[in-house]
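K.L.:
The following block contains the structure, expressed as structure tokens.
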């Protein structure tokens, strides 16, 4: 594992869960997720922080064995390039965001932000369990909303593919196979962390 | 630690980092954060996933010792109830979101969501290091934007207080002292996870 090209090459030491998390496209099509393992993922998301403890995140699960119709509805909403690989994952999940506060139905400006926090915890829990997740923004929102009957004030954010990582060679699309082996890249720390004033890179 | 009221009482086993993360208001005012420890937090955020690898998160650091003017500017932007406790933290950080894509300056619908993911990783890294974080939406956005000269297309999302947890008795406001000892509450899992169709609770 320690030589895997997707392990983050960090400038400063970080927890191994964060270092080892990445977003594969190749899933093992022959390996399902035990229900007890799946529940732990959502439990992790459940404990995320949120503004006013609003918890604006909702998860709609399509398990190819236990809820195949919804799995197919989510698959159908994906753009073709995502369908090409995501159909191998045993589970697809639509993440939706409650855009307004329950108390008074005014806009919750942190709704998307907090949903992102919940999913980030979910992805690390998955990493801890040896599971992998790739989130997709590449899907038809209206198709997802209609196909899954998502009611207002909820709004789809991403569709997640969840499963056990598979063989990159199983991927149909050339660039997807290549991407699976390419080291992860990020902006340098000084580009995202300023100290004292905007644009002044932190001394790293 | 295992009897601390803020450890999540989970229905399903989750990683201890996620279980132990919580958002205190009481910080140890006498304990600074070593610079090398602080850099690890941002490094963790850096490796978050984002749509198109856009990495729309930016962090503006005010360290009360090394960048006291910005620390004071951030403190001044907080609502009074947050100022009451946040002034004890050694570090305040303004999280900002790049609202448009760098490539073509069109709206990035996942910007807030992805920034939330980055901060969630940062909070878990903090937990791993024995640090604590509380995020605040309770601040004057215009005051923060002007006081810290945040340029478009960046938008402030939260201000984080970071430090080592302190004595709850040090908090000025009664409800804050109480909250520090109250068990964390979340919606039941069946309220946030549906299977097969919207509103159909997953069998937990």
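The values are calculated or read from the model by the stated rules, or taken from the named source; none is laboratory data. Note that this is a predicted model, so its numbers are computed, not measured. When we count neighbours, we look across all protein chains shown, and the Cβ atoms used for this are built from the backbone with ideal geometry, even at glycine.
K.L.:
Check whether at least one residue in segment B:165-182 is at the interface with another protein chain (Cβ under 9 Å from one of its Cβ atoms) and buried (at least 19 other Cβ atoms within 10 Å of the Cβ), and report yes or no.
P.N.:
For segment B:165-182, residues at the interface with another protein chain (Cβ under 9 Å from one of its Cβ atoms) and buried (at least 19 other Cβ atoms within 10 Å of the Cβ): absent.
K.L.:
Would you please list the contacts, defined by Cβ atoms under 7 Å and residues six or more apart or on different chains, that run from a residue in segment A:83-97 that is over 18 Å from residue A:30 (Cβ atoms) to a residue that is assigned to a helix (DSSP H, G or I)?
P.N.:
Short answer, once both residue conditions are applied: A:83/A:75; A:94/A:74; A:94/A:144; A:95/A:115; A:95/A:119; A:97/A:111; A:97/A:112; A:97/A:115.
K.L.:
Considering each of B:73, B:115, B:120, B:149 in turn, give the residue that is assigned to a loop (DSSP other than H, G, I, E, B), under 25 Å from residue A:191 (Cβ atoms) and modelled with pLDDT of 95 or more.
P.N.:
Only one candidate qualifies: B:149.
K.L.:
Next question, about the same structure. I need a count of the residues in segment B:67-81 that are in contact (Cβ under 8 Å) with a residue 24 or more places away in the chain and either in contact with a helix residue (DSSP H, G or I) (Cβ under 9 Å, 6 or more places away or on another chain) or within 11 Å of chain A (Cβ to nearest Cβ) (or both).
P.N.:
Summing the residues that are in contact (Cβ under 8 Å) with a residue 24 or more places away in the chain and either in contact with a helix residue (DSSP H, G or I) (Cβ under 9 Å, 6 or more places away or on another chain) or within 11 Å of chain A (Cβ to nearest Cβ) (or both) in segment B:67-81 gives 7.
K.L.:
Please work out which one of (1) more than 10 Å from every other protein chain (Cβ to nearest Cβ); (2) closer than 29 Å to residue B:124 by Cβ; (3) crowded, with 20+ Cβ neighbours inside 10 Å is the condition residue A:99 fails and give its number.
P.N.:
Single failed check for residue A:99: (3).
K.L.:
Spot the failing condition for residue A:92; the list is (1) more than 10 Å from chain B (Cβ to nearest Cβ); (2) surrounded by 24 or more Cβ atoms within 10 Å (Cβ to Cβ); (3) not in a strand (DSSP E or B), and only one is missed.
P.N.:
(3)
K.L.:
What is the residue count in segment B:1-33 for residues that are more than 10 Å from chain A (Cβ to nearest Cβ), under 22 Å from residue B:91 (Cα atoms) and in a loop (DSSP other than H, G, I, E, B)?
P.N.:
9
K.L.:
On to the next question. What is the residue count in segment A:13-28 for residues that are surrounded by 21 or more Cβ atoms within 10 Å (Cβ to Cβ), over 17 Å from the mean Cα position of the chain (by Cα) and in contact (Cβ under 8 Å) with a residue 60 or more places away in the chain?
P.N.:
Going through segment A:13-28 one residue at a time, the tally reaches 0.
K.L.:
Could you please give the count of residues in segment B:145-164 that are more than 11 Å from chain A (Cβ to nearest Cβ) and touching a strand residue (DSSP E or B) at 6+ places or on another chain (Cβ under 8 Å)?
P.N.:
Qualifying residue count, segment B:145-164: 6.
K.L.:
Only residues in segment A:147-167 that are free of Cβ contacts under 8 Å to residues at least 24 places away in the same chain count as the first member; pair them with residues that are surrounded by fewer than 21 Cβ atoms within 10 Å (Cβ to Cβ), Cβ under 6 angstrom, at least 6 apart or cross-chain, and list the lot.
P.N.:
Taking only residues 6 or more apart or on different chains, the pairs are A:149/B:198.
K.L.:
Can you find even one residue in segment A:122-140 that is within 22 Å of residue B:158 (Cα to Cα) and more than 8 Å from every other protein chain (Cβ to nearest Cβ)?
P.N.:
Yes, the conditions are met somewhere in segment A:122-140.
K.L.:
Across segment B:183-204, which residue is surrounded by the most Cβ atoms within 10 Å (Cβ to Cβ) among those that are facing chain A (nearest Cβ under 7 Å) and assigned to a helix (DSSP H, G or I)?
P.N.:
Here the residue is B:192.
K.L.:
Determine whether residue A:44 is buried (at least 17 other Cβ atoms within 10 Å of the Cβ), in contact with a helix residue (DSSP H, G or I) (Cβ under 6 Å, 6 or more places away or on another chain), within 10 Å of another protein chain (Cβ to nearest Cβ) and in a loop (DSSP other than H, G, I, E, B).
P.N.:
When the stated conditions are applied, residue A:44 does not pass them.
K.L.:
Which of the numbered conditions does residue A:61 fail, given that it passes all the others? Conditions: (1) more than 7 Å from chain B (Cβ to nearest Cβ); (2) in contact with a strand residue (DSSP E or B) (Cβ under 7 Å, 6 or more places away or on another chain); (3) in contact (Cβ under 8 Å) with a residue 24 or more places away in the chain.
P.N.:
So residue A:61 meets the others, but not (1).
K.L.:
Go through (1) part of a loop (DSSP other than H, G, I, E, B); (2) out of contact with any strand residue (DSSP E or B) (no Cβ under 9 Å at 6 or more places or on another chain) for residue A:55 and report which single condition fails.
P.N.:
(2)
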